[in-house]
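The values are calculated or read from the model by the stated rules, or taken from the named source; none is laboratory data. Please read these numbers as outputs of a predicted model, since none were measured by experiment. Ideal geometry is used to build each Cβ from the backbone, glycine not excepted, and the neighbour counts take in all protein chains shown. In case anyone asks, the SASA skips ligands and DNA or RNA and just uses the protein heavy atoms, side chains included. Shrake-Rupley method; radii C 1.70, N 1.55, O 1.52, S 1.80 Å.
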Amino acid sequence: MSLRRSFTNRPIASLQPTGAMMLTAYVVLCFASIVSLTPFLYILSTSIKETNSLFTYPPDWIPASIYWGNFQKLFGETNFARWTLNTLFIGIAITLLKLIIDAMAAFALAKLEFFGKNLISVALLLAVAVPVAALVVPLFFIIRSMGLLNSYWALILPALTNPLGILMLRSFIVSLPADLDHSARLDGASEWQVFSQMTLPLIRPGLVVHAIFTFMLQYTSFLWPLVAIQSDKKQVLTVGISSLKSNFVVDWGLISAASLLATIPITLLFLALQKYFLSQNMSGAIKG
Amino acid sequence: MTNHAIHFEQVSKSYGSFDVVENFELSVQPGEFLVLLGPSGCGKSTILKMVSGIEAPSSGEIHVNGKMVNYTLPRNRDVAMVFQNYALYPHKSVFENIAYPLLTRRASRPSKAETEQRVREAADIVEITSQLDKYPDALSGGQRQRVALARAIVRDPAVFLMDEPLSNLDAQLRDTMRQQLIALHRRLGKATIYVTHDQLEAMTMASRIVVMNEGKVQQSGTPEEVFQRPANLFVAGFIGHPRMNFLTAHSAGGNSVQVGKVTLRTQADAGPAGRPLTIGLRPTDGQYDRAEGNAISGRIIQSEFTGADAIQTLDFGGPSLLRIRKQGHRKDEIGTDATVTFHPKDIHLFDENGARI
């Protein structure tokens, strides 16, 4: 009885946030939102104004009348639509190829025993440490000697060699309970079935993260396309948009319109895939 | 050799210089329920993994149904295994989990209707037909265990391997599942190797127990044999609850031994007088209030109430204390004197090396 009393009288440390904590959180979040949204809103505002009305003071955030000329010029006088298609095509191609290659490589490194396995793992880890900028010059000579400069392959092939995805997926696969594959093998599964029917479905959150990461990286890459692609028709968005700057006059309205449109695909991708970020519930497999 | 379900020939397994299993020899008959019993780390699970093909033996041969399987892939060994942690496929429904072994081999894949029928049969045997549409994470521990069993049953394998399948269940459920596993085995009649460290599971379920320690077989026999005639000190101490009392003693010549100041008559010949021995007395073999037999008198210094009976600790002035089970329980007995008698056949003798005499 005395035990029960001491339990009920004990003040319970509450996990419920207090009013002050909530207020602080909201203030911090509001500040962060303003900091990250302001440039975006400024681009939005600039894209629907005539460039020569840009430098009025105080800045005119919401123009009296919406000016569509920047968008018309973008699609009429530049290769913007082509750059967008190029970027999406290359981004999707790289993402799909990388998912296939990296998942298989990660499975081999995580689950199979073969000669030189540790050496390969270490080599991959070292390769991660090499900065992209250091690779541009040797990569240029390699791609040129392959005769692939100024082609889509010049953008696709080097991106496939990024080892980060293999290492990330490997850690996902390693964390799967080994008894699942043992059980599958005893149930008659071939090594390919273990990979495709057990491993792949269970690392889906990892695959989604990897896909988004790869696509984003490709979507925003600038330095290598600038070096590898000379034809304006094969160019990607990042380099294309920066080429809108001519030598003497910068058409900020045009650039803003292009930048604004360029954010749309990546935003849609995020919205579509965000539910997969929630990790899959593994609790049914193994009793912990 | 062909009529053994499983046959081990000089099987050893070592990791580096550490021997997990040494020269393991065993034959399992068709329909036999063989329990490998031993403390954790004794190599019993490793033996199971070698039969299933998850691990390869370092030397020796393993035969399943008369065929040497050392180099056979797990999928072609005709063995089904129930894992300690169930190893259910979390992204598949219960139905898909049970059906999985039927669908992996394209050549022998049954029709949809037959798959459905066989899954339902297996689910029916373990009574989870109502759960077929659920996913593993929606099931309780006991239900998951049943799904794992059904997945093993559905293939109709030659041999069942079970690796501590009940150890993750609570005590009450373990009781029920134990009885159901016995019934299941009786119904299917398949050779089964069941690994456990729980002597109660081993005693109640096994048609034969193999007691293992440190990678070696200590004793192989029916539950009665290993309980009544333990081959050595390890088996004697491992099997039986409460644990057997071990007292250092020496032979008093012929059929009698000297423990402290007490002389006991034994059934076995204790050898020449003065020979050092260890005697084992099961707490459950001691009888209070009986005139004849080997009497040991002492003072009750502790009494642990366990429900139907009590475990009393007796100080009889010997080399160590003696624990005796007594039916009924009275706290006020502590500090009083008592006399316990043992039948000569209940006095187990072990020589200096720990082997039974």
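Take A:PHE115 and decide whether it is surrounded by 17 or more Cβ atoms within 10 Å (Cβ to Cβ) and aromatic (Phe, Trp, Tyr).
Values: surrounded by 17 or more Cβ atoms within 10 Å (Cβ to Cβ): no; aromatic (Phe, Trp, Tyr): yes.
No, not satisfied.
For the structure I just gave you, tell me whether B:VAL195 is β-branched (Val, Ile, Thr), part of a strand (DSSP E or B) and touching a Leu at 6+ places or on another chain (Cβ under 7 Å). Break it down into steps so the answer makes sense when it comes.
Working: β-branched (Val, Ile, Thr): yes; part of a strand (DSSP E or B): yes; touching a Leu at 6+ places or on another chain (Cβ under 7 Å): yes.
Judged against the criteria, B:VAL195 is a match.
Does B:GLY237 count as in a strand (DSSP E or B), within 22 Å of the chain's Cα centre (by Cα) and either at pLDDT 90 or above or not assigned by TED's automatic domain parsing to the domain that holds B:LEU37 (or both)?
Numbers: in a strand (DSSP E or B): no; within 22 Å of the chain's Cα centre (by Cα): yes; either at pLDDT 90 or above or not assigned by TED's automatic domain parsing to the domain that holds B:LEU37 (or both): yes.
So B:GLY237 fails the test.
If a residue must be small (Gly, Ala, Ser), under 25 Å from B:GLY307 (Cα atoms) and in a strand (DSSP E or B), how many such residues does segment B:320-357 contain?
First, pick out the residues of segment B:320-357 that are small (Gly, Ala, Ser): B:320, B:328, B:335, B:338, B:354-355.
From the residues that got through so far, the ones that are under 25 Å from B:GLY307 (Cα atoms) too are B:328, B:335, B:338.
So of that shortlist, the ones also in a strand (DSSP E or B) come out as B:338.
The number of residues fulfilling the criteria is 1.
For segment A:208-218, state whether one or more residues are within 14 Å of chain B (Cβ to nearest Cβ), closer than 30 Å to B:TYR86 by Cβ and either of a type outside the set (D, E, K, R) or touching a His at 6+ places or on another chain (Cβ under 6 Å) (or both).
From segment A:208-218, those within 14 Å of chain B (Cβ to nearest Cβ) are none; that's our starting set.
For segment A:208-218, residues within 14 Å of chain B (Cβ to nearest Cβ), closer than 30 Å to B:TYR86 by Cβ and either of a type outside the set (D, E, K, R) or touching a His at 6+ places or on another chain (Cβ under 6 Å) (or both): absent.
Here are B:GLU114, B:GLU96: which of them is within 14 Å of chain A (Cβ to nearest Cβ), acidic (Asp, Glu) and either closer than 18 Å to A:PRO177 by Cβ or without any contact (Cβ under 8 Å) to a residue 24 or more places away in the chain (or both)?
On the way: B:GLU114 fails: within 14 Å of chain A (Cβ to nearest Cβ).
The conditions single out B:GLU96.
All but one of (1) away from chain A (no Cβ under 14 Å); (2) touching a Ser or Thr at 6+ places or on another chain (Cβ under 9 Å); (3) within 14 Å of B:PHE33 (Cβ to Cβ) hold for B:GLY215; state the number of the condition that does not hold.
Answer for B:GLY215: the failing condition is (3).
Suppose we keep only residues that are under 17 Å from A:ILE101 (Cα atoms) and aliphatic (A, V, I, L, M) within segment A:126-154. Which one would you say is farthest from the chain's Cα centre (by Cα)? Give the derivation first.
Step one: of segment A:126-154, the residues under 17 Å from A:ILE101 (Cα atoms) are A:127-128, A:153.
Those still in the list that are aliphatic (A, V, I, L, M) too: A:127-128.
Values: A:ALA127: 20, A:VAL128: 17 Å.
The qualifying residue farthest from the chain's Cα centre (by Cα) is A:ALA127.
State which residue pairs qualify: first residue in the same structural domain as B:LYS67 (by TED's automatic domain parsing) and assigned to a helix (DSSP H, G or I) and inside segment B:144-168, second residue buried (at least 24 other Cβ atoms within 10 Å of the Cβ) and of a type in the set (Asp, Glu) in any location, beta carbons under 8 Å apart, and separation of 6 or more residues or different chains.
Correct list of pairs: B:ARG151/A:ASP187.
If you go through segment B:301-319 one residue at a time, how many are among the aromatic types (Phe, Trp, Tyr) and either part of a strand (DSSP E or B) or farther than 17 Å from B:ARG282 by Cα (or both)? Spell out how you get there, then give the answer.
From segment B:301-319, those among the aromatic types (Phe, Trp, Tyr) are B:305, B:316; that's our starting set.
Now restrict to residues that are either part of a strand (DSSP E or B) or farther than 17 Å from B:ARG282 by Cα (or both): B:305.
Residues meeting the conditions: 1.
Search segment B:31-58 for residues being more than 19 Å from the chain's Cα centre (by Cα) and in a loop (DSSP other than H, G, I, E, B), and hand back the single one that is farthest from B:ILE6 (Cα to Cα).
B:SER58
Determine the pairs where a residue that is not assigned by TED's automatic domain parsing to the domain that holds A:THR267 and open to solvent by less than 70 Å² (accessible area, probe 1.4 Å), located within segment A:88-103, has a partner that is hydroxyl-bearing (Ser, Thr, Tyr) and at pLDDT 95 or above with Cβ atoms under 9 Å apart, the partner being 6 or more residues away or on another chain.
Listed by first residue and then by second, the contacts come to nothing, as the list is empty.
Quick check, is B:ARG118 of a type in the set (D, E, K, R), surrounded by 14 or more Cβ atoms within 10 Å (Cβ to Cβ) and within 18 Å of B:LEU184 (Cβ to Cβ)? Spell out how you get there, then give the answer.
Values: of a type in the set (D, E, K, R): yes; surrounded by 14 or more Cβ atoms within 10 Å (Cβ to Cβ): yes; within 18 Å of B:LEU184 (Cβ to Cβ): yes.
When the stated conditions are applied, B:ARG118 passes them.
Looking at A:LEU41 and the list (1) open to solvent by 90 Å² or more (accessible area, probe 1.4 Å); (2) in contact (Cβ under 8 Å) with a residue 12 or more places away in the chain, which single condition is not satisfied?
(1)
Residues of segment A:157-177 being open to solvent by less than 40 Å² (accessible area, probe 1.4 Å) and either within 14 Å of chain B (Cβ to nearest Cβ) or closer than 16 Å to A:SER231 by Cβ (or both), which ones?
As a first pass, look at segment A:157-177 and keep what is open to solvent by less than 40 Å² (accessible area, probe 1.4 Å): A:158-160, A:163, A:165-167, A:169, A:173, A:176-177.
Within segment A:157-177, A:LEU176, A:PRO177 qualify.
Going through segment B:251-270 one residue at a time, which ones are in contact (Cβ under 8 Å) with a residue 24 or more places away in the chain, touching a Ser or Thr at 6+ places or on another chain (Cβ under 7 Å) and either assigned to a loop (DSSP other than H, G, I, E, B) or closer than 17 Å to B:LEU314 by Cβ (or both)? Walk me through how you get there before you give the answer.
Our first condition is that a residue be in contact (Cβ under 8 Å) with a residue 24 or more places away in the chain; within segment B:251-270, this holds for B:251, B:255, B:257, B:259-262, B:264-270.
Now drop any that are not touching a Ser or Thr at 6+ places or on another chain (Cβ under 7 Å), which leaves B:255, B:257, B:264-266, B:270.
Result: B:ASN255, B:LEU264, B:THR266, B:ALA270.
Does A:ILE266 satisfy the criteria of being away from every other protein chain (no Cβ under 14 Å), assigned to a helix (DSSP H, G or I) and crowded, with 19+ Cβ neighbours inside 10 Å? Write out each step before concluding.
Numbers: away from every other protein chain (no Cβ under 14 Å): yes; assigned to a helix (DSSP H, G or I): yes; crowded, with 19+ Cβ neighbours inside 10 Å: no.
No, not satisfied.
Looking for something within 14 Å of another protein chain (Cβ to nearest Cβ) and part of a loop (DSSP other than H, G, I, E, B) - is there at least one such residue anywhere in segment A:178-187?
yes
Tell me which of these B:GLN312 doesn't satisfy, since it passes every other one: (1) in contact with a Pro (Cβ under 6 Å, 6 or more places away or on another chain); (2) surrounded by 15 or more Cβ atoms within 10 Å (Cβ to Cβ).
(1)
State whether one or more residues within segment B:45-54 are surrounded by fewer than 17 Cβ atoms within 10 Å (Cβ to Cβ) and assigned by TED's automatic domain parsing to the domain that holds B:THR192.
Step one: list which residues in segment B:45-54 are surrounded by fewer than 17 Cβ atoms within 10 Å (Cβ to Cβ), which gives none.
Within segment B:45-54 (the criterion being surrounded by fewer than 17 Cβ atoms within 10 Å (Cβ to Cβ) and assigned by TED's automatic domain parsing to the domain that holds B:THR192), the answer is no, since none of the residues qualifies.
Confirm whether A:ARG204 is facing chain B (nearest Cβ under 9 Å) and open to solvent by 40 Å² or more (accessible area, probe 1.4 Å). Give the derivation first.
Numbers: facing chain B (nearest Cβ under 9 Å): yes; open to solvent by 40 Å² or more (accessible area, probe 1.4 Å): yes.
Against the criterion (facing chain B (nearest Cβ under 9 Å) and open to solvent by 40 Å² or more (accessible area, probe 1.4 Å)), A:ARG204 qualifies.
Of the residues A:SER190, A:SER183, A:SER196, which single one is in the same structural domain as A:LEU244 (by TED's automatic domain parsing) and open to solvent by less than 10 Å² (accessible area, probe 1.4 Å)? Before you say what the answer is, go through the steps one by one.
On the way: A:SER190 fails: open to solvent by less than 10 Å² (accessible area, probe 1.4 Å); A:SER196 fails: open to solvent by less than 10 Å² (accessible area, probe 1.4 Å).
On inspection, the qualifying residue turns out to be A:SER183.
Limited to segment B:55-77, what total is found for residues that are within 12 Å of chain A (Cβ to nearest Cβ) and either open to solvent by 70 Å² or more (accessible area, probe 1.4 Å) or within 16 Å of B:LYS44 (Cα to Cα) (or both)?
The qualifying residues number 4.
Would you mind stating whether B:GLN228 is within 18 Å of B:PRO344 (Cα to Cα), in the same structural domain as B:GLY31 (by TED's automatic domain parsing) and at pLDDT below 95?
Working: within 18 Å of B:PRO344 (Cα to Cα): yes; in the same structural domain as B:GLY31 (by TED's automatic domain parsing): yes; at pLDDT below 95: yes.
Criteria met by B:GLN228.
Residues are listed down the side, and each one gets a yes or a no for (1) under 20 Å from A:ALA93 (Cβ atoms); (2) in a loop (DSSP other than H, G, I, E, B):
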position	(1), (2)
A:ILE173	no, no
A:PHE195	no, no
A:VAL208	yes, no
A:THR214	yes, no
A:GLN230	no, yes
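Being among the basic types (Lys, Arg), touching an Asp or Glu at 6+ places or on another chain (Cβ under 7 Å) and either surrounded by 14 or more Cβ atoms within 10 Å (Cβ to Cβ) or within 14 Å of chain A (Cβ to nearest Cβ) (or both), is that true of even one residue in segment B:167-179?
Looking for residues that are among the basic types (Lys, Arg), touching an Asp or Glu at 6+ places or on another chain (Cβ under 7 Å) and either surrounded by 14 or more Cβ atoms within 10 Å (Cβ to Cβ) or within 14 Å of chain A (Cβ to nearest Cβ) (or both), one finds at least one in segment B:167-179, hence yes.
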